[in-house]
Amino acid sequence: MTNLKKVSMKDIAERLNISKNAVSLALNGKPGVSESTRDQVLDLARKLNYAGFTTDDSAYNCRNILVFIPEYIKDDSFFYNDIYWSIDNYSKSHGYNSVMATISSQMQEDLSLPPILTQLNIAGFVLVGIFNEDYVKFILKQNIKTISVDHYYSNLNMDCIVTANLEGAYTLTKKVIEMGHTKIGFVGSINVTSSIFERWCGYQKALIYSDIKINYEYSITKTSPLGILLHDPDELYDELKKLNELPTAFVCGGDRIAIALLEALKKLGISVPEDISIVGFDDIALSSFVSPKLTTMQVKRKELSKVAVNHLLNKSDIDDENVKLSIYPEYIERESLIKAKGL
């Protein structure tokens, strides 16, 4: 019999010479793959005794972690992809399979669980990204151990593993201040995600503790939908033109925001970092390839995943104490932050 501990979606993908995403779509009954590919994936999954796809009694004994992914991040290759595959790796190291389930907006509205749930013996749920609060409440009612990664819900008492966003943004903004900048703006949709809001708070805390008056006219904090979050250079270009005065530096709520801001400033004929310095947050791969390379805070995505899996599997079924654990990010110095002019 195939050892369940060694079988993953990556194994199936490699045997069939297709992408891991295609395997996930096939296993979850999602569109995006042909029927022949779906049949091949399901057939191989059964032969390899992957997760619940088996024809014998071993399905009852196999151990699985179901990872919920909201539809808006299913194609994210910059940030969340690292988190999911790290969860997959750490799950296997404990002898568990991880199975990704993409949750659509309609499923959240209907309060419906992924169909694959009926085929698996589940050890726990991991929520990656942001879901409607009512949907999370519905998930928690299933009485299966659940943990949220990279997001917490202020109104819900549940386990979550997040980045120390406030502390990281405080450190980042202090680095900007140390470069002599006092006119510092912030860019990010502060009322959309908890992480960006906390980064906004850390930015303000650093200014206050440095006796620098906060000028809100330097900032762009408008609401932007999930999946966009001010990542559009044209949108930022329009917002920049509305500012009466530009700061000498911007702290951004994420690297993709910073990269979009970089493009928008260039469109205005403003040079980065010679005219305006920019710092980001997350340290996605693209941040070291743009010009200038982006100074940022590195979110420890592998560590978030490791701690989440360990906590989920070590938590007793009767343990009703929930925790919020924060992983500190690391300051990464590159080229987009320089001393303020005149220093």
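If you take every DSSP beta bridge fully contained in the chain, what fraction is antiparallel? Give it as a percent rounded to 5.
Bridges in the chain are about 10 percent antiparallel.
In whole angstrom, how long is each semi-axis of the equivalent ellipsoid of segment 282-343, when you take the square root of 5 times every eigenvalue of its Cα gyration tensor and sort them from largest down?
38, 13, 6
List, in order, the whole-Hz ³J(HN,Hα) value for each residue of segment 274-288 obtained from phi through the Karplus relation with A = 6.51, B = -1.76, C = 1.60 and θ = phi - 60°; use x for Gly and Pro.
Going residue by residue, I get 4, 9, 9, 8, 9, 10, x, 7, 2, 6, 6, 4, 5, 5, 9 Hz, with x marking Gly and Pro.
Pop the C-beta distance of I144 and D43 into the FRET formula with R0 = 35 Å and round what comes out to the nearest 0.05.
0.75
Which value, in Å², gives the accessible area per residue of segment 56-143 when a 1.4 Å probe is used on the protein heavy atoms?
43 Å²
For segment 174-272, what is the Kirkwood estimate of the hydrodynamic radius, computed as the reciprocal of the mean inverse distance between distinct Cα atoms, to one decimal in Å?
The answer is 13.5 Å.
For segment 209-343, compute Rg over Rh where Rg is the Cα radius of gyration and Rh is the Kirkwood radius from the inverse mean 1/r over Cα pairs.
That ratio equals 1.08.
Could you sort 104-111, 286-293, 270-277 so that the peptide with the highest average Cβ count within 10 Å comes first and the rest follow in order?
For the peptides 104-111, 286-293, 270-277, the packing ranking is 270-277, 286-293, 104-111.
Separation between the N322 and N155 pseudo-spin-labels, each 7 Å from Cα along Cα→Cβ, expressed in nm?
About 1.3 nm, to one decimal.
Give me Rg over Rh for segment 102-237, both radii from the alpha carbons and Rh done the Kirkwood way, two decimal places.
Over the Cα atoms of segment 102-237, Rg/Rh equals 1.08.
For the chain, what are Rg and Dmax over the alpha carbons, in angstrom?
22.0, 74
If you plug each phi of segment 14-26 into the Karplus form 6.51 cos²θ - 1.76 cosθ + 1.60 with θ = phi - 60°, what whole-Hz ³J(HN,Hα) values come out, in order, with x for Gly and Pro?
5, 5, 9, 6, 10, 7, 5, 5, 5, 5, 4, 4, 5
Could you check the spin-label model distance between F289 and E303? Points 7 Å from the Cα along Cα→Cβ, value in nm.
Spacing of the two 7 Å Cα→Cβ label points: 2.6 nm.
Starting from the Cα of Q119, step 7 Å along the direction of its Cβ; do the same at S210; then give the gap between the two resulting points in nm.
5.4 nm
Would you work out what percent of the accessible area of the chain, with all protein chains in place, is carbon or sulfur (probe 1.4 Å)?
Result for the chain: 47 percent of the exposed heavy-atom area is carbon or sulfur.
So, how do all the Cα-to-Cα distances of segment 140-213 break down into 10 Å bins, in percent, from 0 on up?
Answer for segment 140-213: a P(r) of 19, 41, 23, 13, 5, 0 percent.
Write down the Å³ per residue value for the convex hull defined by the alpha carbon atoms of segment 92-166.
Here the figure is 111 Å³ per residue.
The values are calculated or read from the model by the stated rules, or taken from the named source; none is laboratory data. Everything quoted here is computed from the prediction, not taken from an experiment. Here Cβ is always computed from backbone atoms with ideal geometry, including for glycine, and neighbour counts include all displayed protein chains. Remember, those area values only see protein heavy atoms, side chains included, never the ligands or the DNA or RNA. Shrake-Rupley method; radii C 1.70, N 1.55, O 1.52, S 1.80 Å.
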